[in-house]
1. What residue, among those in segment 178-221 that are among the polar types (S, T, N, Q) and part of a helix (DSSP H, G or I), is farthest from Leu161 (Cα to Cα)?
2. Being in contact with a helix residue (DSSP H, G or I) (Cβ under 8 Å, 6 or more places away or on another chain), over 15 Å from Lys87 (Cβ atoms) and of a type outside the set (D, E, K, R) is the filter here, so list the residues in segment 144-170 that pass it.
3. Could you say whether any residue in segment 172-186 is out of contact with any strand residue (DSSP E or B) (no Cβ under 7 Å at 6 or more places or on another chain) and within 23 Å of Phe107 (Cβ to Cβ)?
4. Would you check if Lys206 is out of contact with any Gly (no Cβ under 6 Å at 6 or more places or on another chain), crowded, with 16+ Cβ neighbours inside 10 Å, of a type in the set (Lys, Arg) and touching a residue at least 24 places away in the same chain (Cβ under 8 Å)?
5. May I ask you to list pairs of residues, at least six apart or on different chains, whose Cβ atoms are under 7 Å apart, with the first in segment 51-69 being in contact (Cβ under 8 Å) with a residue 12 or more places away in the chain and over 10 Å from Ile35 (Cα atoms) and the second being aromatic (Phe, Trp, Tyr) and part of a helix (DSSP H, G or I)?
6. Only residues that are at negative phi and of a type in the set (Gly, Ala, Ser): list them for segment 126-153, please.
7. Restricting attention to segment 223-244, and to residues there that are in contact with a Pro (Cβ under 7 Å, 6 or more places away or on another chain) and in a loop (DSSP other than H, G, I, E, B), which single residue is nearest to Leu23 (Cα to Cα)?
Amino acid sequence: MRGVYIVANDKVSENAIALMSSLRSHDPDIPVFLIPFDDHHQNVARQLADMYGVQLFPDLAFLNTLTQTIGEIFPQDFLALPNKMRKLAAWFGPLDEFLYIDTDILFFTTVTDTLSYLEQADFIWCDYQFKRGLKDVFSKVVLAQNIFEPRALEDVFNSGLWGSRKSALTIEQLYETLKECASHKAYFDFSSGCTDQPIMNYLVLKTIPRRLNIVKANPGEPGSWGGNPKFEQRGEQLFDDNRPLRYLHWAGTPMEPGGPYRSLWTYYRYLNDPEGKAYAAANQPKPPSSFRRLTEGVKDKLRATLKKPYKIR
């Protein structure tokens, strides 16, 4: 069985709805499972189930055991957000082949098309993380100590979107490799606040030899980063020159009003939620009146005048 995993809680419900709206526009029937980020997931689970048929990860007992074990493996100050490691449960859920997708993503094509690359590998991804070298993944210690072959380090990836198959990793391999990570904090670059990405890269490079980056297998594959200002919106799709994007990933770029590609996010967020759209429109902050703008301008000028040093003539 092929399908999708996402991780979410109530705090990111708006993004999760936007993601699922974009995904269902192309894949109305593919199975999607929600892995709860924490115990505060009841509202988002209900919303996604009602609107998009998303199912709750069926083995919450395993998920709790996984979280507890990871907490025991790593020192308390090692991982900034340990619950981000819950995405590792994707290897031990009901799907035989799967795509994992972060909720700060919009998806513009069929999941089936992306998963088809698993015919060539056991782990797939689609990004240009390798062009950034080892930033947000590994430290220079990994190079100095030859922990990986140079060719393997060309396979570093962003952990927001990737795919694999259930048989690619055992629970024993997972725990053993996480223990290696916990013993070598100096290997990793956590300087930008990444939690799961450095650990996931070590795990995959160590345990899954058949890997494939779609951007290398598919010449001309467009970019995907939400911080790239050059994408052109045509309808409800983005283009990199004349190449339609597979997906858009904000990846650390602010997802807020006035932010990049916000109108596209808004379209998908409310595509299947007209009541929510009406509520959001009614609760938008009102622009200041002309009188208020005038008085605020006078106040600004007065403040500027008072800040000027007084000169004795």
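1. My answer is Thr207.
2. Answer for segment 144-170, where residues must be in contact with a helix residue (DSSP H, G or I) (Cβ under 8 Å, 6 or more places away or on another chain), over 15 Å from Lys87 (Cβ atoms) and of a type outside the set (D, E, K, R): Ile147, Phe148, Ala152, Leu153, Val156.
3. Going residue by residue through segment 172-186, those that are out of contact with any strand residue (DSSP E or B) (no Cβ under 7 Å at 6 or more places or on another chain) are 172-186.
From the residues that got through so far, the ones that are within 23 Å of Phe107 (Cβ to Cβ) too are none.
Within segment 172-186, none of the residues are out of contact with any strand residue (DSSP E or B) (no Cβ under 7 Å at 6 or more places or on another chain) and within 23 Å of Phe107 (Cβ to Cβ).
4. Values: out of contact with any Gly (no Cβ under 6 Å at 6 or more places or on another chain): yes; crowded, with 16+ Cβ neighbours inside 10 Å: yes; of a type in the set (Lys, Arg): yes; touching a residue at least 24 places away in the same chain (Cβ under 8 Å): yes.
So Lys206 passes the test.
5. Phe62/Phe92; Thr69/Tyr175
6. The initial filter retains those residues of segment 126-153 that are at negative phi, namely 126-132, 134-135, 137-145, 147-153.
Residues satisfying the conditions are Ser139, Ala144, Ala152.
7. That would be Gly226.
Conditions tested, residue by residue: (1) among the aliphatic types (A, V, I, L, M); (2) buried (at least 19 other Cβ atoms within 10 Å of the Cβ).
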position	(1), (2)
Ala89	yes, yes
Thr109	no, no
Thr114	no, yes
Gln120	no, no
Phe130	no, no
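Computed from the coordinates by the stated procedures, all read-outs in this text should not be read as laboratory data. Predicted model, so just to flag it, every value in this text is computed and none were measured. As a convention, Cβ positions derive from the backbone with ideal geometry for all residues, glycine included, and neighbour counts pool all protein chains shown.
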